[in-house]
Structure formats: structure tokens, C-alpha cells
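Asks: Please read through the structure below; I'll follow up with questions.
Quick note: the coordinates plus some simple rules give every number you see, no bench work behind them. Values in this document were obtained by computation on a predicted structure and should not be read as measured data. Every residue, glycine as well, gets a Cβ built from its backbone with ideal geometry; the counts of neighbours run over all protein chains shown.
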Amino acid sequence: MSTIPWTEKYRPKTLKEVIDQKDIVQSLKNVVESRAIPHMLFVGPAGVGKTASAHALARDLYGGGYMSEGMFVEVNASDERGLQTVREKVKLFARSQAFGEVGFRIILLDESDQLTEDAQHALRRIMEQFSSNCRFILVANYSNKIIEPIQSRCAAFRFRLLPKKIVTKYLGEIAKKESLKASDAALETIYDLSNGDLRKCINALQAASSLSKSIDESVVYKVMGYVDRGEVQRMLELAASGEFLKAREVLRQMLYYDGVAGRDILDTIFRQIFRMKISDRRKMLLVDQLGEVDHRISEGASEEIQLSALLAKIPLTERAG
Amino acid sequence: MSAIWTEKYRPSKVKDVVGNKTAVEQFVKYMESWEKGKPSKKSALLYGQPGIGKTTTAIAYAGEHGYDLVEVNASDFRNAQRIKDIVGTGSQQSTLVGTRRRMILVDEVDGIAGREDAGGVAALSKAISETKVPIILVANDPWNKRLATLRQKSKTIPFRKVHHASLISYLRRICSAEGVNVSQDALQDIARDSSGDLRSAINDLQTVCEGRKNVGEEDLGALGYRDRPESVFDALNSVFHGEGLDEARRSAGKVDKDLKTFFAWIVDNAPRQLTRPRDLASAMEALARADVYMSRIYPNQRWVNLRYAVPLMTGGVALSRSETSRRFVRFMYPEKFAFMARARSHRTKKREVASKIASKSHCSSYVASKDILPFLRVVFQNDEKMARDLAEFFEFVKSDVEFLAK
């Protein structure tokens, strides 16, 4: 049998198979039962089952052909953000008459916190206008990026981070089905390094299986070493030892070659600061400077130049204090 | 003072117009269509930057082919009435006179469009509709919104910069006619400084030749009224080794690169020039502040921010040096440019792969490239069989697979 990505292979088919999130799953089951489906907002961190739950709900509601029969459509707001998508694609789908016994379609707007505010206002009108025809499920990491009027039109479901116990147990089941040997410590390490993101955990497990059928911690570290080569840390260390040119080269590599978002580099630096072997006072200083860099970048300044300026300051903060 | 050279050496024959062969040919054809009685459009719009022969071409043609030239300068127009008086009347009389043909030349058409009063454009437009003689319009910027109607009614003929070589050879002809000896270097400089504007080049030439028989590059100092471009290396020298704020600041205005490019040169070279960590940190912060101001320009075209950015990116760096170093470190072509070129194809490929992954994984390309693609890399580098299966699932082509296995 040919292999498909395990995240797809083990994607829950029905609400019953959704992991954890018990309260939410129960409410969604009730909703399917009664056919009284409101517009919904699924909020929560990455890889906790938001999109998966939406698909499972649709399958429970419409049956296996939920997508092929056109009752359910998925639009990814981060790839197709903006007014144009909402106006054209979403509106077209929303206004077309639904058939079948359920009587309305479902539009899944994934990563909808990426929609511009204009697009969200356009969406809000569409939600009202075509509510007899279709329901929206908005999926987002942060509800504060969704405008109030939309939030007030939706039933909000807050997905929580999946507990370590549940995730490692689930990973263990997958390992068994895939005839792998995986130690508990290995699975816990996967969970820790993936920040509890189940999609990442499963991808890591599958990647690990390409290295060895017997997975221990060292295999996991090897996989994660491939994935995050610790470039940010390397850059910070180079900067700290006064090798500014080399540090900038690493930065440019990440920004221009690997296409890493400046946002993600900022996040990693922020986490790294607290692990650095410098005094607490110096950590505070760096936090403050990083905050300023963050602000400038968000206002449109260049990621490379602002981060470079920060790198140039690191050896000073090392010595000072 | 003797005659102004730009007038003295203005060509009287169309074939003597310097450069712009295509434009001149188009213009001649257009005029011939009038002479055959069937012009496709009743007016022609000659456009392009100043001093490249638009008006000269029209005047030369009129002279050679026996036209009475009614020349009006649109900058003088105040209102519709004046246009009617001059253009309207002139354009109707041709047939009455009969013996000599008439051409109306309206110079600096953008001059009327620039005025608040749009009546002038409307009157001109009306005159074109009714004219019985060719009306030639000359403009610098044909895309001015208020010229839209005139543009539609006219045969448009673009004039381009005069090539460097043609410029120099024409300047040299003037020199020999005037009996002055001007060095090749000086001619090069004058030509380069004119950026294709023949008229300004001739004016400059006349200025430096005034009262001299021999002119070298050093005599160009007389041309104080136009800043001479400076090589990027000289400008960087002012920034990194200059006397202070004023010298550094001026370098940005003189350098023969646009400001963004010059900025990239400074940013790239700063860490090589400033080796003391404290100096470098201070310079990089000044550059970061300059970058902030640069970024404030674009959303709303607030060019005022430029005046804050320039002193920071130049003087801010100049003042960061805590001790005068006489050690010379060569300035380098920005590594960033080479880096970007190499990175471009890599990133394009990565985007393609990420978008294929996204379409099969219920997520965005961003999430795919961040949270899925790196794991696929591990698989593609370590397990050929699984890689083959996954490649089939994601519908990867050979180059995608190579990208992931690399």
C-alpha cells in the first residue's frame, strides 16, 4: 500500500474521532443532530483540530460526498486573502441555491484572522444576506483579529492546546499501526519540540520513521535538527562573539534564501533571549530592543536592516552591565 | 557675448536633427499625409524630456517645406479666448491665403494643462477638430491627465534621450566650428551630466568655452549650477572617512546612484569599515532609523521623510566612528544584490512546492512551508520509497523532488 501523509491518513473522519476537545465535540454533535447550525468561529492554537473538526462536522452532516457534492467548500484566507476573494469566490458560493435535505451549504474560511479588515466587513454583509443559503465556519488562531460584528454573529468555540498525555498516547497508537517502535521519551520529546501542535507532531513522527523504525529520543532530535537547524541561535551566537558579518550572512540566508518570515525570526529570538547565558538585566535590555524592532517592522521598515541593527548591539549588551 | 549656441547650431534641415531617427521619420510621414490631403489625425503630439529636438524637428520641417509657422507658447495662455484668437483664427485662414501653407506649433502644451483653468485645453481641443492646417503639439509629459483628450485626438510621436555617443559627436562638431579645443574627458563629463538633454549639453559647452581656447576637465568647475555626479566610491568615502555631517550629507545628493541603491551600499559596507563593535552598533542604529524614515515615504508618498533619512544614513554613519582610521578598506559591491539574485529562483521553487502541499493538506502555503515542508525534506533525504509515495500524493514533479532531496 502506498504511503500518504499521516496527517491525512489519520485525519478524523467523524466528530467521534476528533481528539480531546470534549465539550466542543459534544456541542458540535448536538448541532449536527438538530440541524440548527449557526455561523461558527473556531479559535485556538495551531494543530489542535479546528479545521479537522469542521471537516468532520460536514461529513457527519452531509455524508461522505460532502465536498464532491459541493455542500462544503474550503477557502484559505491566508492564501486568498483580501476583498476580491470574499466578493467573488465566497459570494458566488454563498448565493447559489442549496439543494438536498439539509438546505444550506457550509463555507469553511480557514486562517480567517488573515483576512483584511475590508474583506471582513464585506464578509459580514454576505453572512447576513445569504444566511438562509449557507453557514460559515471561520477558523482562526486569534479571535482579536476578527472584527467585532463578525464575532457577534458567530457561536465561538475555543479549542485548547492538546494535553501532553493525550497526544503522546495518540502518537503511540499511530506508531503501532505503522509497525514502529517508539519510546515514551521520544514521543514526549516530539510533543515538547512541536509545542503541542498535533500536525507537527505527526509530521515529525513520520519523518522520524524515514530515519529508523525504532524511534528513540536521539532520532527525534535528529529530525528536529534537520527541521530547525538552530539558525537563529547560531546567528545570535555569532553576533555575541563579535562576528557581525557572519551573523548577518545567516540572517540573509534565512530571510532571502529560505524565505523565513521576519515575524518567525522575531519569535524565536524572543524565546532564545531567556535561554541565553547573560544577566537578567541584559535580557531585559534585549527584550526592550527587540520590541522596538518588532514595532518598526510592523510599521513597514526593512526586516534585514532592523534585525541587523539589533545584532550589532548584542556584543555591547554582552559586555555592559 | 556671441550668439547663443543652441540657436546658432539649431539644425535647419530635418535630416540634421541629432538622434531620434524613428521619431523624425514618423513626423515626416505625418506631415506628408497632410500634403496628400488625408491626415489620419488633425494634430500630432510630440513628447519627451526637454532638449531632445521636438520643437527643432517641427521648425526645421516647416522651414524646409515652405510653411508659415504660427508658433505659440502654451505657457503664455491664460484662457480659452487667447487660444481661440491665436490657434482658432490661424487654423482657418490657410485656404484663403492659398499660396503658402501654414503650420501651427503649440509648444509646452503641459503648461496649459498645469493651470487651473481647463478652458484652454477645451479650446485647443475644439480648434483641433475644426482645423484645416496641421497643429503640432509639443509636451514633456504626455500622460498628464488633463491632456487625455488632446492625446486621443493626436498622432502621438515619442522622442527619446539623445544617445551619449551622438551627443559627444555633435558637441565636437560645435567645438571645431567655434575653434575651441575641448578635451575628450570634459566632453564625456558634459554629455553624462546632461543625461541625454542636447540643449543643456550645448549650453554647458558654451559656458565652459566662454573666454577659453583650451578646455580640460578641470575647467568644468565653472558649471556650478548643476551638481556633478560623483562615483559611488567617492560618495562612500565621504560617508565613512569624511570630515563630518555636512560632507557626508552632500554625498547623497551627488552620487550617481538612486538613493535606495546608495543606501544599500552603505548598509553593506558599514561592518567592513567600522570594526569597533560600539561604532558599528551606533552606525547600524542610525541606518535602522534612516530605514524607518524611508519606509514612511511610500504609503502616502510623504517625501518629506527623505530629509530625515538622508542625514541619518550618511552623517549618522560618519559620526559613529570614534577614532580616525587611516587604514584603507576597499569598498565592496553589495553582497546583498548577488545574494538576492541567487535566492530568487530558490524561493520561487519553494513557493511552488509549498502551494502544492497546501492544496492537499487543508492549510495555507505559509503553514505548509513552515510546518510541513521541513519534515518532508527529512523524508525525501532519507527514505526513497516513502518519498516516492508522497511525491505521488502531492503530485510533485521531478524538480520539486530534487528541491526537497537537496
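Asks: Within 10 Å of each Cβ in A:196-205, how many Cβ atoms from other chains are there, averaged over the peptide? Numbers along the way, then the final one.
Replies: Working: counts 0, 1, 0, 7, 5, 0, 1, 9, 4, 1.
Shielding by partners across A:196-205 averages 3.
Asks: Compute the FRET efficiency between B:R347 and B:K132 as 1/(1 + (r/R0)^6), taking r as their Cβ-Cβ distance and R0 = 45 Å, and round to the nearest 0.05. Numbers along the way, then the final one.
Replies: Numbers: r = 61 Å, r/R0 = 1.36.
My answer for the efficiency is 0.15.
Asks: Divide by every residue of chain A the summed helix terms, -39500 (n - 2.57) for each DSSP H run of at least 4, and state the resulting mean residue ellipticity at 222 nm, rounded to the nearest 500 deg cm²/dmol. Spell out each step's value before the answer.
Replies: Details: 15 runs with 170 residues, N = 321.
Calculated mean residue ellipticity at 222 nm is -16000 deg cm²/dmol.
Asks: Right, here's the next one. Among all the lysines, which ones have a C-alpha under 23 Å from B:K21's C-alpha, if same-chain residues fewer than 8 places away are not counted?
Replies: Within the straight-line limit of under 23 Å, B:K21 reaches these lysines: B:K8, B:K13, B:K29, B:K36, B:K41, B:K42, B:K54, B:K155, B:K161.
Asks: Turning to a different aspect of this structure: Express the relative contact order of the stretch B:232-333 as a whole percentage, based on alpha carbon pairs under 8 Å and six or more residues apart in sequence.
Replies: Working: 114 pairs, mean separation 37.3, N = 102.
So the answer I get is 37 percent.
Asks: When the expected Rg is taken as 2.2 N^0.38 Å, what fraction or multiple of it is the alpha-carbon Rg of the stretch A:164-227? Please report the intermediate quantities before stating the final value.
Replies: Details: Rg = 9.9 Å, N = 64, 2.2 N^0.38 = 10.7 Å.
Normalised Rg, Cα atoms only: 0.93.
Asks: Ranking request for peptides B:12-25, B:363-376: highest mean number of other beta-carbon atoms within 10 Å first, then the rest in descending order.
Replies: Ranked from most to least packed, the peptides come out as B:363-376, B:12-25.
Asks: State, in angstrom, two size descriptors of the stretch B:1-54 derived from its alpha carbons: Rg to one decimal place and Dmax to the nearest whole number.
Replies: For the stretch B:1-54, the Cα radius of gyration and maximum Cα-Cα distance read 13.9, 47 Å.
Asks: Got a sec to turn the phi values of the stretch B:370-377 into Karplus ³J(HN,Hα) couplings, 6.51 cos²θ - 1.76 cosθ + 1.60 with θ = phi - 60°, whole Hz, x for Gly and Pro?
Replies: 8, 10, 10, 3, x, 6, 4, 3
Asks: How do B:C175, A:C154 line up, fewest other C-beta atoms within 10 Å first?
Replies: B:C175, A:C154
Asks: When N is the residue count of chain B, what does its C-alpha Rg come to as a fraction of 2.2 N^0.38 Å?
Replies: For chain B, the normalised Cα radius of gyration is 1.40.
Asks: Over 14 Å, how big is the tail of the calculated P(r) for the stretch B:164-222, in percent of all Cα pairs?
Replies: For the stretch B:164-222, the fraction of Cα-Cα distances above 14 Å is 44 percent.
Asks: Related question: From the phi angles alone, apply the Karplus equation (6.51, -1.76, 1.60; θ = phi - 60°) to the stretch A:162-173 and give each ³J(HN,Hα) in whole Hz, x where the residue is Gly or Pro.
Replies: 6, x, 4, 4, 5, 5, 5, 4, 5, 4, x, 5
Asks: With only alpha-carbon pairs counted, each pair once and no self-pairs, how large is the Kirkwood hydrodynamic radius of the stretch A:48-168 in angstroms?
Replies: 15.0 Å
Asks: Which of the GluC sites (Glu not before Pro) across the stretch B:229-318 are loop residues per DSSP, with 11 or fewer other Cβ within 10 Å?
Replies: Counting only loop positions with at most 11 other Cβ atoms within 10 Å, the GluC sites (Glu not before Pro) in the stretch B:229-318 are B:E243.
Asks: Right, something else. Give the long-range amide H neighbours of B:T156: residues separated by 5 or more places, or on another chain, with amide H under 5 Å away, using H modelled in the peptide plane at 1.01 Å from N.
Replies: When sequence neighbours closer than 5 places are left aside, the close amide H contacts are B:L45.
Asks: Put one equal scatterer on each alpha carbon of the protein assembly as shown, apply the Debye formula with no solvent term, and list log10 I(q)/I(0) at q = 0.06, 0.08, 0.09 1/Å to two decimals.
Replies: The Cα Debye sum returns log10 ratios of -0.61, -0.91, -1.01.
Asks: Could you compute Rg(Cα) / (2.2 N^0.38 Å) for the stretch B:123-281, with N its residue count?
Replies: Ratio of Cα Rg to 2.2 N^0.38 Å: 1.50.
Asks: Something else: Report the label-to-label distance for B:L319 and B:K260 in nanometres (one decimal), using points 7 Å from each Cα along the Cα→Cβ vector.
Replies: 2.8 nm
Asks: Shielding by partners for A:206-213, please: the mean number of other protein chain Cβ atoms within 10 Å of each residue's Cβ.
Replies: The per-residue average across the peptide is 6.
Asks: Averaged across A:51-57, how many Cβ atoms of other chains sit within 10 Å of each residue's Cβ atom?
Replies: Neighbouring Cβ atoms belonging to other protein chains average 1 per residue here.
Asks: Hey, what did chain B get for relative contact order, percent, Cα under 8 Å, at least 6 apart?
Replies: Relative contact order here is 12 percent.
Asks: For chain B, what does -39500 (n - 2.57) per DSSP helix run (n ≥ 4), summed and divided by total residues, give at 222 nm, in deg cm²/dmol to the nearest 500? Before the final figure, lay out each step's value.
Replies: On the way: 20 runs with 228 residues, N = 406.
The helix contribution divided over chain B gives -17000 deg cm²/dmol.
Asks: What per residue convex hull volume, in Å³, comes out for the stretch A:1-110 when only alpha-carbon positions are used?
Replies: 132 Å³
Asks: Starting from the stretch A:1-80, pick out the trypsin sites (Lys or Arg not before Pro) whose DSSP state is loop and whose Cβ has at most 15 other Cβ atoms within 10 Å.
Replies: A:K13, A:R35
Asks: Restricting to lysine pairs 8 or more places apart or on different chains, what number in the stretch A:6-158 have Cα atoms under 18 Å apart?
Replies: Lysine pairs meeting both conditions in the stretch A:6-158 amount to 9.
Asks: First check a/c for chain A, with a ≥ b ≥ c the square roots of the eigenvalues of its C-alpha gyration tensor; if it is under 1.5, answer rounded, and if not, answer prolate when a/b is larger than b/c or oblate otherwise. Please list the in-between numbers first.
Replies: Values: a/c = 2.48, a/b = 1.45, b/c = 1.71.
Here chain A falls in the oblate category.
Asks: Select from B:Y298, B:Y30, B:Y47 the residue whose mean-square fluctuation is largest in a Gaussian network model of chain B (Cα-Cα springs shorter than 10 Å).
Replies: B:Y298
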